[in-house]
Structures are given as structure tokens and as C-alpha cells.
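Asker: My questions will all concern the structure given below.
The values are calculated or read from the model by the stated rules, or taken from the named source; none is laboratory data. Quantities reported herein were computed from a predicted structural model and do not represent experimental measurements. We work out accessible area using only protein heavy atoms, side chains counted, and drop any ligands, DNA or RNA first. Shrake-Rupley method; radii C 1.70, N 1.55, O 1.52, S 1.80 Å.
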Amino acid sequence: MNDTAEQLDRKVFTARVGVETFVAPVGPLTNDEINDELQQTLAECMEKGEYGIIADLADVGQLNSRAIEIVLDAQDQLLHRGGRLKVVSAGPL
């Protein structure tokens with residue numbers, strides 16, 4: 001599978017803007033597949049040394065406790081590395 005096809009299959013997108021990395025899941029964070037992808041995406045960002053992460057939840061209608069745990073764990077890891085994770089556009093989830 002080429003890079004373009006892999007990107008179309010993804011449900012969590014990233015974009016680097018200056019020193020910040022936006023992580024934007026699309027769809028509800030209620031199943032293992034998308035939660036695993038979110039966890040993997042956040043881990044990959046940290047492995048690349050991206051310690052300013054913004055989780056944009058504008059396109060997330062629902063999330064389960066595992067998704068919350070993934071975000072909080074990533075926040076803890078970033079804080080220990082001198083970084084931060086901000087959640088934006090959460091709305092009334």
C-alpha cells in the first residue's frame with residue numbers, strides 16, 4: 001500500500017504547525033481500532049521529539065474511558081519530557 005492509500009485509511013491525522021503538532025482524530029473514539037491508532041500516533045509524535053501536541057477533538061462526537069486514558073497518559077509522558085498536550089474543540093462530548 002502506498003503512502004496516499006495509507007493516509008486515506010487513517011482515522012487520526014497529524015499536522016505540524018511551527019513547533020506544535022496537531023493530532024486530529026475523525027469519528028467517535030469508542031472502539032479499539034481508532035483508540036489504538038490514536039495511541040500509536042501520539043507515541044510516534046513523541047518518538048520524533050514532538051513535545052508540543054494539540055489534540056483537536058472537533059470531529060469526535062463521542063469518546064470512551066480508554067480514549068481519555070490514552071490522552072491523560074500521553075499528557076503525563078509529555079510533562080515528564082518537558083512538553084505539553086492541549087485538548088481543543090472538545091465541545092459537549
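Asker: Can you give the extra length, in nm with one decimal, that the chain gains between Ala43 and His80 once fully stretched, where that is 0.36 nm per residue apart less the Cα-Cα distance?
Answerer: 11.9 nm
Asker: Taking amide H positions as placed 1.01 Å from N in the peptide plane, with prolines and chain starts having none, which residues 5 or more places from Phe13, or on another chain, fall under 5 Å of its amide H?
Answerer: Amide H to amide H, under 5 Å and 5 or more residues apart or across chains, Phe13 pairs with Ala24, Val26.
Asker: At q = 0.19 Å⁻¹, what is the base-10 log of I(q)/I(0) for the chain according to the Debye formula with one equal point scatterer per Cα and no solvent? Please give it to two decimals.
Answerer: Taken in order of the listed q values, log10 I(q)/I(0) reads -0.87.
Asker: Rolling a 1.4 Å sphere over the protein heavy atoms, what is the accessible area per residue of the chain, to the nearest Å²?
Answerer: Here the residues of the chain average 61 Å² of exposed surface.
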